[in-house]
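Visitor: My questions will all concern the structure given below.
Readers should treat all values here as calculations from the given coordinates under stated rules, not as data from a laboratory. All figures in this text were calculated on a predicted structure; none of them were measured in a lab. Using ideal geometry, Cβ is built from the backbone for each residue, glycine included, and neighbour counts are taken over all protein chains shown.
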Amino acid sequence: MSGKRAAPRRTLVRLCALATALAIFALAWLTINARPWQAEAKAMRDPRVVALEGRELQLQQDARDVRRLVTERFSSYRDRLEERKKAIAAAERRHRRELRRAKRAAAAAAAARTPRYVTVGVPVVSVVALAPVTKTKTS
């Protein structure tokens, strides 16, 4: 009889060992998942990280300042460029006007210097087919 009682007892011991192992596994899982080391890390920050974050904020502010300055300068540049384009267009119009006046004046001066010829008539040219002047003899 002792052999029959030993078998259920072994099974009960195995089940208790399995339950204990699962309980320990679950407890370890919960402990690791809670991440207790992060609470300490938040409380004790590395001074290098704090310095880097301060530098990052300063660089972001500098970038905003530079972006604003570039925008202002580009706006000023665009305004001056528009004024310059208008001045160039006005100078080109003025130059074309002066060029037309100069061409008209040159044409008037050339017309004044050109002598006037009177043509009486145009000579008439006629083409006549005549016999050749030289004869060659072949042997």
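Visitor: Give the residue from Ala63, Leu81, Ala110 lying farthest towards the positive end of the charge dipole for segment 46-111; charges sit on Cβ (+1 for Lys and Arg, -1 for Asp and Glu) and the dipole is referred to the Cα centre.
Guide: With unit charges placed on the Cβ atoms, the residue in question is Ala110.
Visitor: Please report, in whole Å, how far the alpha carbons of segment 46-111 spread along each principal axis, starting with the longest.
Guide: So the extents along the principal axes, rounded to whole Å, are 95, 15, 5.
Visitor: May I pose another question? With label points built 7 Å along Cα→Cβ from the Cα atoms of Ala111 and Lys86, find their separation and express it in nm.
Guide: 3.9
Visitor: Turning to a different aspect of this structure: Report ³J(HN,Hα) in whole Hz for each residue of segment 51-64, in order, from the Karplus equation J = 6.51 cos²θ - 1.76 cosθ + 1.60 where θ = phi - 60°; Gly and Pro get x.
Guide: 5, 5, 5, x, 5, 4, 4, 5, 5, 5, 5, 4, 5, 4
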